[in-house]
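Heads up: the structure comes next, in structure tokens.
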Amino acid sequence: MCGIAGIIALEGRVAPPALRAMGDRQSHRGPDGSGEWISGDGQVGLAHRRLAILDLSERARQPMSNRKGTVRVVYNGEVYNFRELRRELERLSFEFRSDSDTEVLLHGYEAWGPAVVSRLRGMFAFAIWDEPRRRLVLGRDRLGIKPLYYARDTKTFSFASELKGIEAGPLELRTLDPSALYDYLTYLYVPTPKTPYRAVRKLPPASLLILEGGAERIESYWDVRFDDRIQLRGEDLVRELRSKLEDAVRSHLVSDVPVGILLSGGLDSSTVAAYAGKGARTFSVGFDRGGSETAFARRVAERFGHIHSEAVLATGGIPNDLSRMTRWYDEPHYDTSAFPASLVCQAARRDVKVALSGDGGDEVFGGYAHYSKFAALERRDVLPAALRRSIEKGVVRMGETFLKRTLKGVERYAFLMGGMTRPEKATRLPPDVNRRFRDYDDYWLFRRFWREELDGWSRLQYLDLKTYLPDDILTKMDRVGMEASLEVRVPLLDTPLVEFVCSIPSERRVSGGRPKHILRKAMEGVLPPETLSRRKRGFSLPSGIWGAKVPGWRRSHRVAWSILSQWAADKTGSDGALEILRSGP
């Protein structure tokens, strides 16, 4: 796991101090080493900060070049099938100087060009400079596990693993994007491809960005398919799923340093622990105000002979510590489970450099409560006559029950996800802000990935896999893990496993609308019964942390506004959130 950065001078030359600053601002992502390279003509610069996981020798240092010095790469992530790809490349007469997956990526590009990305099984963000073609290739993994930002003006194109890396670079980032902050109120994160700056963008998951001749283009190379092609049933289906789970977890254990497990005691992380082999280090977090689930994690660890550790989070100061969140994310981000996630990552880092987590299981196996809630609301879409008459007379308050019953499609989904709906903004935001965004499509991101042709459960899973998973869940774990210089891997998002599960007909994945039905069936007799039956919790904070309710505001809105105000204060030196929004989209 690493931090990468680079500058392409469209005019002039790369300034070495700017390149070095971009890498230094991301030193937490790679404390084990650093490297910079600037081309002979001064127009290209690459920087790397290394967290050494595979091949700890100097041979694996980056930026890495081929023997001729014509192709160079900086890379963040892990390619779990690198040994298989290496054997294939050796048959093509490529010679290797290291035992790293970085060199496999490098020679893979030489052999197959940008199409190498479709052969990679793993999590990654990379940049390849192809000198003969004067071509820069940026790539990001299929589900957005690893981040990649880029920015440009007329003179410079730059990229980095984190927004703070871009901020340290040569571009002047003075112009904020009010629509990104308005979107944050809808989604509770800044949605890809936006950032708070107009000049900076996030590369979408499963995408390549190719820069040639000063012109850039973005190409998508993969998409998840819900196509019902897996027709296995009963024990045959369970047996095949167990095989895929075991293969996913075992493939993610490849490492030249110790590997641990972030174990909440829930179904997803316990499944990972079950297939990780005996004697792994497991880590969990409890809370000083109750709500801890460490006992469940402890039982799972004992069942599989793991070595378990627990940490306790003091929750009293969390509401007043929002500046930590703005430092982690560099932009407003609502997910407050980052606090316990950060603690468990810090605890794990004392013993290991790599940890597996259960993230992604809810999206892949259909485990979120909003799936069943959405389905239940759709079944009750016919409004009672009395409520309909009250709506027509305009006497019904804009309460939660009203919104749940009257919103449809993406608007209803947005409500269930906790963000501000359009009607709620009309009553919460000042009139001048609402006027500025009067013609704005609040739900543009959800509409982009709303697939009417899919059944209801698959439609929401697809939407979460394309939006909430990369922009919230994976962003959170990348930032808090990297803050601790800990590589967090997510085996439940292994490509073969995801493609297999999403191709099982939904009536078998979630039989009778039961979340994670197929995963529970697969883990019967493997995990303790209470793990299979208990409700989802994960590393979320206990209720009541954020104080009493404010009339007219949902809890998520109140906390989200506090986070936005803190971000604006940190960035502008004052509580300027409303002033930014008042400048319009």
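The values are calculated or read from the model by the stated rules, or taken from the named source; none is laboratory data. What you see is a predicted model, and the numbers here were worked out from it, not measured in a lab. Counting neighbours? That spans all protein chains shown, and the Cβs are built from the backbone with ideal geometry, glycine included.
Do we find a residue being part of a loop (DSSP other than H, G, I, E, B), within 30 Å of residue 127 (Cβ to Cβ) and touching a strand residue (DSSP E or B) at 6+ places or on another chain (Cβ under 7 Å) anywhere in the range 224-244? Within the range 224-244 (the criterion being part of a loop (DSSP other than H, G, I, E, B), within 30 Å of residue 127 (Cβ to Cβ) and touching a strand residue (DSSP E or B) at 6+ places or on another chain (Cβ under 7 Å)), the answer is no, since none of the residues qualifies.
Could you check, for the range 110-122, whether at least one of its residues is in contact (Cβ under 8 Å) with a residue 60 or more places away in the chain and closer than 24 Å to residue 477 by Cα? Within the range 110-122, one or more residues are in contact (Cβ under 8 Å) with a residue 60 or more places away in the chain and closer than 24 Å to residue 477 by Cα. Filter the range 214-270 down to residues that are within 17 Å of residue 81 (Cβ to Cβ) and surrounded by fewer than 22 Cβ atoms within 10 Å (Cβ to Cβ), then give me how many there are. Of the residues in that region, 12 qualify. Each residue in the range 430-439 was checked for being touching a residue at least 12 places away in the same chain (Cβ under 8 Å) and surrounded by fewer than 16 Cβ atoms within 10 Å (Cβ to Cβ), and 2 of them qualify.
Can you find even one residue in the range 90-112 that is surrounded by fewer than 24 Cβ atoms within 10 Å (Cβ to Cβ) and under 25 Å from the mean Cα position of the chain (by Cα)? Checked against the condition, which is being surrounded by fewer than 24 Cβ atoms within 10 Å (Cβ to Cβ) and under 25 Å from the mean Cα position of the chain (by Cα), the range 90-112 yields no hits at all. Of the residues making up the range 190-241, those that are among the hydroxyl-bearing types (Ser, Thr, Tyr), over 16 Å from the mean Cα position of the chain (by Cα) and within 30 Å of residue 581 (Cβ to Cβ) number 1. Screening residue 137 on (1) surrounded by fewer than 19 Cβ atoms within 10 Å (Cβ to Cβ); (2) modelled with pLDDT of 95 or more; (3) farther than 22 Å from residue 251 by Cβ shows it passes everything except condition (1). Got at least one residue in the range 121-130 being part of a loop (DSSP other than H, G, I, E, B) and buried (at least 19 other Cβ atoms within 10 Å of the Cβ)? Yes, the range 121-130 contains a residue that is part of a loop (DSSP other than H, G, I, E, B) and buried (at least 19 other Cβ atoms within 10 Å of the Cβ). Tell me which residues, restricted to the range 141-182, are among the polar types (S, T, N, Q), at pLDDT 95 or above and part of a loop (DSSP other than H, G, I, E, B). The answer is 161, and nothing else.
Among what's in the range 464-523 and is surrounded by fewer than 23 Cβ atoms within 10 Å (Cβ to Cβ) and on the phi > 0 side of the Ramachandran plot, pick the residue that is nearest to the chain's Cα centre (by Cα). It comes out as 485. For residue 507, which of the numbered conditions (1) under 30 Å from residue 245 (Cβ atoms); (2) without any contact (Cβ under 8 Å) to a residue 12 or more places away in the chain; (3) not assigned by TED's automatic domain parsing to the domain that holds residue 329 fails to hold? Evaluating residue 507 over (1) under 30 Å from residue 245 (Cβ atoms); (2) without any contact (Cβ under 8 Å) to a residue 12 or more places away in the chain; (3) not assigned by TED's automatic domain parsing to the domain that holds residue 329 leaves (3) as the failure. Within the range 529-560, being more than 22 Å from the chain's Cα centre (by Cα), over 30 Å from residue 300 (Cβ atoms) and at pLDDT 70 or above holds for 553, 554, 555, 558. Being over 17 Å from residue 156 (Cβ atoms), free of Cβ contacts under 8 Å to residues at least 60 places away in the same chain, out of contact with any His (no Cβ under 6 Å at 6 or more places or on another chain) and not aliphatic (A, V, I, L, M): is that true of residue 32 here? So residue 32 fits the description; yes. In the range 3-87, counting only strands (runs of 3 or more DSSP E) that sit wholly within it, the ones holding 2 or more residues that are among the aliphatic types (A, V, I, L, M) span 44-50, 71-79.
Being of a type in the set (A, V, I, L, M, F, W, C) and under 26 Å from residue 142 (Cα atoms), is that true of even one residue in the range 21-37? Yes, there is a match, as at least one residue in the range 21-37 is of a type in the set (A, V, I, L, M, F, W, C) and under 26 Å from residue 142 (Cα atoms).
Residue by residue, here is whether (1) buried (at least 21 other Cβ atoms within 10 Å of the Cβ); (2) modelled with pLDDT of 90 or more holds:
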{"position": "346", "(1), (2)": "no, yes"}
{"position": "372", "(1), (2)": "no, no"}
{"position": "382", "(1), (2)": "no, no"}
{"position": "414", "(1), (2)": "yes, yes"}
{"position": "420", "(1), (2)": "yes, yes"}
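Based on what the data block shows, is residue 496 of a type outside the set (Ser, Thr, Tyr) and touching a Pro at 6+ places or on another chain (Cβ under 7 Å)? For residue 496, the condition - of a type outside the set (Ser, Thr, Tyr) and touching a Pro at 6+ places or on another chain (Cβ under 7 Å) - is not met. Scan the range 408-429 residue by residue and report those that are touching a residue at least 60 places away in the same chain (Cβ under 8 Å), more than 14 Å from residue 464 (Cα to Cα) and assigned to a helix (DSSP H, G or I). Listed by number, the residues that qualify are 424, 425, 427, 428.
Please tell me if residue 463 is closer than 26 Å to residue 225 by Cα, of a type outside the set (Asp, Glu) and in contact (Cβ under 8 Å) with a residue 40 or more places away in the chain. In short, yes. In the range 253-300, the qualifying residues are those that are touching a Pro at 6+ places or on another chain (Cβ under 8 Å) and assigned to a strand (DSSP E or B), and the one that is modelled with the lowest pLDDT is 287.
Any residue at all in the range 308-326 that's in the same structural domain as residue 521 (by TED's automatic domain parsing), under 15 Å from residue 351 (Cα atoms), assigned to a loop (DSSP other than H, G, I, E, B) and among the aliphatic types (A, V, I, L, M)? No - not one qualifying residue is present in the range 308-326.
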